[in-house]
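Derivation of every value follows stated rules applied to the coordinates shown; laboratory data play no part. These numbers were taken from a predicted model, which means no experiment stands behind them. For neighbour counting, all protein chains shown are included, and Cβ atoms are generated from backbone atoms with ideal geometry for every residue, glycine included.
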Amino acid sequence: MDGSDRPLADCEWRLIREESWSGPMNMALDEIAAETAADGGPRTLRVYQWDPSTLSLGYHQDPDTVDWDHCEAADIDVTRRQTGGGGIYHDTHGDISYSIVAPSDDLPSDLFDSYHLLCRPLLDAFDRLGVSAQFAETEQPAAYAPSCYLRERHPAHDVVVEADGTERKVSGNAQHRRTDAIVQHGSLTYTVRPERHLAVFSDEVDTETFRERVTGVDDHADVTRRETVAALEAALEAWADASEGTWTDDELARARERAAEKYASDEWTKRRPGRRESSE
């Protein structure tokens, strides 16, 4: 069925307010949430931090693009996402992350339509904050492909703020489309920290290039990070008519096991491009 014909509010949605987890645990929780939704449980909306700071690699990203020595010295975790794109540096202040997880049958099969449906609460959150964000309308070539925020812009899932005639990226979003469930997750930039963001990569990249292409909420609105998180949570809750929820003990136990066995392992994080998982 086409998910656009089915009101989201007719389904059971839970909102899990901002929590702090390690990088491997955040990725494992997304996967467990997909299994829960596919098995008939609640759909999940979640907002989260990464603690310690984490570099999340795109699914096909070459591990040679990472400055492993710097990440180790700076106590930065490295994990790999199920979604594509470039690497993203997440810390507990500059980054705000979210996930939306639902059965595949709930959502449009067309990728573009699915992004535009699932990004509605994201755009609503920016509107609540007084930030004029929108999907990217102009093309921009990649400046440094290993970094998500410096790749070419995509109108389906890159959200920008226009200032002085220039679009700057404020949010990147990506989907992992399983046969039975869809996970969309993304990052909002609360404040731009180019030096920290670029230091995790093996190549040197001009911080001015990052500044020219990326913006943060605090560049456009006099709001705290906590107020920004609250606006995102309120927008997600209203969009799906969600109830406040939590993880079950079983979900947390499975997520911890999945994080240790998969998302924290060198086999997963440092694997070479072209290698696929043996099973879903």
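In table form, for the structure just shown:
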quantity: Listed peptides 61-68, 241-248 by packing density, highest first (mean Cβ within 10 Å); calculated: 61-68, 241-248
quantity: DSSP-defined antiparallel bridges as percent of all bridges, the chain, nearest 5; calculated: 70
quantity: Under Karplus coefficients 6.51, -1.76 and 1.60, residue-wise ³J(HN,Hα) of the stretch 174-182 in Hz, glycine/proline x; calculated: 8, 10, 10, 9, 6, 5, 10, 7, 10
quantity: Peptides ranked, highest mean first, by Cβ atoms within 10 Å: ranges 190-198, 142-150; calculated: 142-150, 190-198
quantity: Segments 221-228, 123-130 sorted - mean Cβ within 10 Å per residue, highest first; calculated: 123-130, 221-228
quantity: Distance histogram in 5 Å bins (all Cα pairs of the stretch 137-266, percent per bin); calculated: 2, 8, 13, 16, 18, 16, 14, 8, 3, 0, 0
quantity: Taking the chain and dividing mean pair separation by its residue count, relative contact order in percent (alpha carbons under 8 Å, at least six apart); calculated: 27
quantity: The chain: calculated mean residue ellipticity at 222 nm from DSSP helix runs of at least 4, using -39500 (n - 2.57); calculated: -8000 deg cm²/dmol
quantity: Neighbour-count ranking [beta-carbon atoms within 10 angstrom, fewest first] of Glu233, Glu267; calculated: Glu267, Glu233
